[in-house]
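Right, one structure below, let's go through it.
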Amino acid sequence: MVELTTRLAYSFGVRVSGDTLIRRIMQLPLSEPEQLTHIDVDDWAWKKGHHYGTIIVAQSTHRPVALLSGRSATSLAEWLKTRPEIKIITRDRAGAYADGAKTGAPQAIQIADRWHLIRNASDHFERFLKRHWVAVKETYHAIKTQALAALQSAPIITVSPQQETATQQQRRLLFEHVSVLKNKGMAQTEIALTAGISDKTVRRWLQTGGSPLCGKRPRPRQVIGFNEQTWLREQGNSGCHNAALLFRKLKTRGYVGGSATVRSLVSQWRYTSAEVLQYPPMPRLKQDTYLKNVAQKIFSVSQI
């Protein structure tokens, strides 16, 4: 961001470095609202793990109004004593900030901020689960056992052989093969290797105890009529091999299908013409080359 600002300033004839911009910004005074009634107090790091300070933010504008050198109760109390109009102080649960707010602004109401409340609640809940981990584990296994028992006792939906599709029949035969291997005493891993399916599928099929059904119905395939195919063939013989253009023209003739159907049909005979074979389509520009050209254009415009 600083480098972008430096290039922008250079385009206006102002020669300035990024360090100078940062130094000027740091020298600007913090804007303080005329009346502070609700403030937020939190710590910030001069150097993480070594030296921390205190930041005070106005709740009405969400902008910082003061930076204190330390995070002690004394420094916060001294700053609050100069502002008796403060009525609400939102802070974390640190004891130093609680003592500083009580000493410097006894008239203010102290509120624990939402982020620290949620964080503290999650930490306490995690410690609670660790203390009672044995009971949690036993309850989990009991609920899992009941769910599996209810699943196995549920009625199994079957399909008659007359209504089975080819895919459903293949899955049913595969399930019967898995059941035979299980009755022979094979492990689930060996069954998966023998049947050519995953361990997860074997485990799910054996738990349900029934023949699995296909989850999706086959979608009806769109078919182009004879008149439309004849017209498309005439357009192709005349030299038009653009599937998108042919689809738009076909829509004006009352075609109600999709563009994918037209594209699939045209692709079967678009390269059979000697003219098309003699002039193959231009290769597409690679994405990295395209992005490089765009970046060069943007960089050249930014230097103008």
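The values are calculated or read from the model by the stated rules, or taken from the named source; none is laboratory data. Predicted, not measured: the structure shown is a model, and the values here were computed from it. Note: ideal-geometry Cβ built from the backbone for every residue, glycine included; neighbour counts use all protein chains shown. For the accessible areas, the whole protein counts, side chains as well, though only heavy atoms, and no ligand, DNA or RNA atoms are used. Shrake-Rupley method; radii C 1.70, N 1.55, O 1.52, S 1.80 Å.
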Subtracting the Cα-Cα distance of L8 and T139 from 0.36 nm times their residue separation yields 40.8 nm
Among GluC sites (Glu not before Pro) in the range 1-79, those in a DSSP loop whose Cβ has at most 10 other Cβ atoms within 10 Å are E34
With label points set 7 Å from each Cα along the Cα-to-Cβ direction at L28 and A187, the distance between them in nm comes to 6.8
Rounded to the nearest 10 Å², the accessible area of W133 using a 1.4 Å probe with every protein chain kept is 150
To the nearest 0.05, the calculated FRET efficiency linking T74 and N120 through their beta-carbon distance, R0 being 22 Å, is 0.30
HN-Hα couplings for the range 3-12 via Karplus (6.51, -1.76, 1.60; θ = phi - 60°), in whole Hz with x for Gly/Pro, come out as 5, 5, 5, 5, 5, 5, 5, 5, 5, 8
Interchain or sequence-distant (5+) residues whose placed amide H lies within less than 5 Å of the amide H of I111 are I89, T90, R91
Sequence order, the range 248-262: Karplus ³J(HN,Hα) from phi using 6.51 cos²θ - 1.76 cosθ + 1.60, θ = phi - 60°, Hz rounded, Gly and Pro as x, gives 5, 5, 5, 5, 5, 8, x, 6, 10, x, x, 6, 5, 5, 5
Note on the range 72-148: alpha-carbon gyration tensor, axes a ≥ b ≥ c; rule is a/c under 1.5 for rounded, else prolate if a/b larger than b/c, else oblate; result prolate
